[in-house]
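Heads up, the thing below is written out as structure tokens.
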Amino acid sequence: MNLKDKRIILTGAAGGMGSILADKLSKAGAKIAMVDANADALQVVCARLSGVIYPVAADLSSIDGCATAVDVCQQHLGQVDMLINLAGLNSFTDFSEQDPAHIEMMMRVNVLAPMLLTRALLPSFLAHNSGTIVNVGSIFGSIGFAWFSSYSASKFALRGFSEALRRELAETDIQVTYIAPRAVKTPMNDDKIMKMGEATGMNMDEPTMVVNKIIQAIESGKKDWYLGFPESLFVRVNALLPRLVDKALAGQNKIAKIFLK
Ligand SMILES: NC(=O)c1ccc[n+]([C@@H]2O[C@H](COP(=O)([O-])OP(=O)(O)OC[C@H]3O[C@@H](n4cnc5c(N)ncnc54)[C@H](OP(=O)(O)O)[C@@H]3O)[C@@H](O)[C@H]2O)c1
């Protein structure tokens, strides 16, 4: 796919990966409605970019917020060609102590928002028999990680949604891409996570490299892509032999627990 003149809604556009992705998409000639909750951060990112970009400050944690975001994006772009669901929240915590409101927020932003944005755009995609939906999941959406229970749950759900929708749209030309990075060096991972990652030997990628893979996945029309080795192999092992992975992760879980407080 050639990205030139593609009209794209990108969520999480002010974030660690979103700001780099917006830059690369606009350099490739795409027109981008950049959605993020943080209006100030969005302005800072947009000031650095050239090309056709529209900042859209919106809170995607509610049905109304998602509906308004799509309306505003369509006012800027007209017919939309692509939705990239990149906005997300993380949590590294003991689930028994996690604030219920935070669990709800995680599911709203990581799962409901991609579903609602897709739902809002799909009638138009179907009418034109074209369109691309890109859902950015995580390796944690295929391997449940201790201390990331709600985050893992949200990304498992996003993966399931992507797979089911792709099958539902199999007889159309609408593309659904699910891309699952391993850990990435962005502000999403706070100091506690960075220290835990170091102690447990977690592989962490540079955001630019991951963004290049997202673009590659879009351009080549990939259905799903699990980034990094050996993580992509563990995804397959976990699907077939989860008890083996229970054992393999047990030691790492104990070390990670030390960094929760
Ligand atoms: N970083 C990693 O290790 C990693 C690994 C695998 C997958 N991923 C996935 O990659 C995606 C991008 O992550 P990132 O690393 O770039 O994280 P990031 O730097 O934290 O960016 C995420 C962006 O989403 C925005 N956002 C959060 N809640 C929102 C809401 N209610 N409405 C609108 N925007 C909202 C954030 O805004 P605020 O800053 O205002 O909250 C932030 O700008 C996420 O889906 C994440 O799960 C990340």
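See the values below:
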| read-out | value |
| --- | --- |
| Charge-dipole axis of the chain as Lys and Arg at +1 and Asp and Glu at -1 on Cβ define it, positive-most pick from A69, A256, A101 | A256 |
| Trypsin sites (Lys or Arg not before Pro) restricted to DSSP loop in segment 195-236 with at most 16 other C-beta within 10 Å | K222, K223 |
| Ordering of 172-181, 199-208 by packing [mean C-beta count within 10 Å, highest first] | 172-181, 199-208 |
| Relative contact order of segment 7-257, pairs being alpha-carbon contacts under 8 Å that are 6 or more residues apart, as % | 17 |
| Neighbour-limited loop hits for chymotrypsin sites (Phe, Trp or Tyr not before Pro), segment 208-260 (at most 12 other Cβ within 10 Å; DSSP other than H, G, I, E, B) | none |
| Rounded to the nearest 10 Å², the accessible area of R182 at probe 1.4 Å | 50 |
| Computed over segment 7-257, the ratio Rg/Rh where both radii use C-alpha atoms and Rh is Kirkwood | 0.96 |
| Check: segment 99-254 dipole with +1 on Lys, Arg Cβ and -1 on Asp, Glu Cβ, in debye | 320 |
| Eligible lysines near K261 by straight Cα distance, threshold 20 Å, same-chain separation 8 or greater | K192, K195 |
| Under 29 Å from K4, Cα to Cα: lysines that are on another chain or at least 8 residues apart | K24, K27, K31, K185, K213, K222, K223 |
| GNM result for the chain, Cα springs below 10 Å: residue of S149, S50, S19 fluctuating most strongly | S50 |
| Placed amide H near T177: partners under 5 Å, 5+ positions off or other chain | I133, V134, N135 |
| Distance in nm between pseudo-label sites at M204 and K24 (7 Å out along the Cβ direction from Cα) | 2.0 |
| Segment 163-249: GluC sites (Glu not before Pro) in DSSP loop, at most 13 other beta carbons within 10 Å | E171 |
| Fully extended contour minus Cα-Cα distance, from K261 to L240, at 0.36 nm per residue | 4.2 nm |
| Debye, to nearest 20: dipole size of segment 169-249, +1 on Lys, Arg Cβ, -1 on Asp, Glu Cβ | 320 |
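The values are calculated or read from the model by the stated rules, or taken from the named source; none is laboratory data. Quick caveat, the model's predicted, so the values are computed rather than measured. Backbone-built Cβ (ideal geometry, glycine too); neighbour counts: all protein chains shown. When the accessible area is computed, the model is the full protein with side chains, heavy atoms only, and any ligands, DNA or RNA have been set aside. Shrake-Rupley method; radii C 1.70, N 1.55, O 1.52, S 1.80 Å.
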